[in-house]
Amino acid sequence: MDVWVIWKKKIVIDFEERYYNLTDLKKAVVKHFQNKGTTCEVIDAHTLLVDHQKYTLSEKTISMGGVPLQRVILKEA
């Protein structure tokens, strides 16, 4: 799992595991942040609160060297 912060407006997380529904994906993102000691909670279907800042969640599948990764993009709302 890789995590990137881009211009403090986006957070990008790459998951090697595959989540097939949004509920499981959001749980994985929340767990990821909690494991890092960061507060994170689900606000609604596509919004998370990370360290008191709202982010909109989107995801896509990318190929890294022929291996598919699920990329989560959190954009500051």
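In the range 38-53, the qualifying residues are those that are of a type in the set (Asp, Glu) and assigned to a strand (DSSP E or B), and the one that is surrounded by the fewest Cβ atoms within 10 Å (Cβ to Cβ) is 44. Of 56, 61, all but one fail to be hydroxyl-bearing (Ser, Thr, Tyr) and either open to solvent by less than 70 Å² (accessible area, probe 1.4 Å) or farther than 13 Å from residue 16 by Cα (or both); the exception is 56.
Among residues of the range 64-77 being in a strand (DSSP E or B), loosely packed, with under 15 Cβ neighbours inside 10 Å and not charged (D, E, K, R), the one that is modelled with the highest pLDDT is 68. Looking at the range 11-22, I want the residues that are open to solvent by 80 Å² or more (accessible area, probe 1.4 Å) and have a partner that is hydroxyl-bearing (Ser, Thr, Tyr) and at pLDDT 90 or above with Cβ atoms under 9 Å, at least 6 apart or on another chain. Which pairs are those? Between residues of the range 11-22 that are open to solvent by 80 Å² or more (accessible area, probe 1.4 Å) and residues that are hydroxyl-bearing (Ser, Thr, Tyr) and at pLDDT 90 or above, the close pairs are 18/61.
The values are calculated or read from the model by the stated rules, or taken from the named source; none is laboratory data. Note that this is a predicted model, so its numbers are computed, not measured. With ideal geometry, Cβ positions are generated from the backbone for all residues, glycine too; neighbour counts draw on all protein chains shown. For the accessible areas, the whole protein counts, side chains as well, though only heavy atoms, and no ligand, DNA or RNA atoms are used. Shrake-Rupley method; radii C 1.70, N 1.55, O 1.52, S 1.80 Å.
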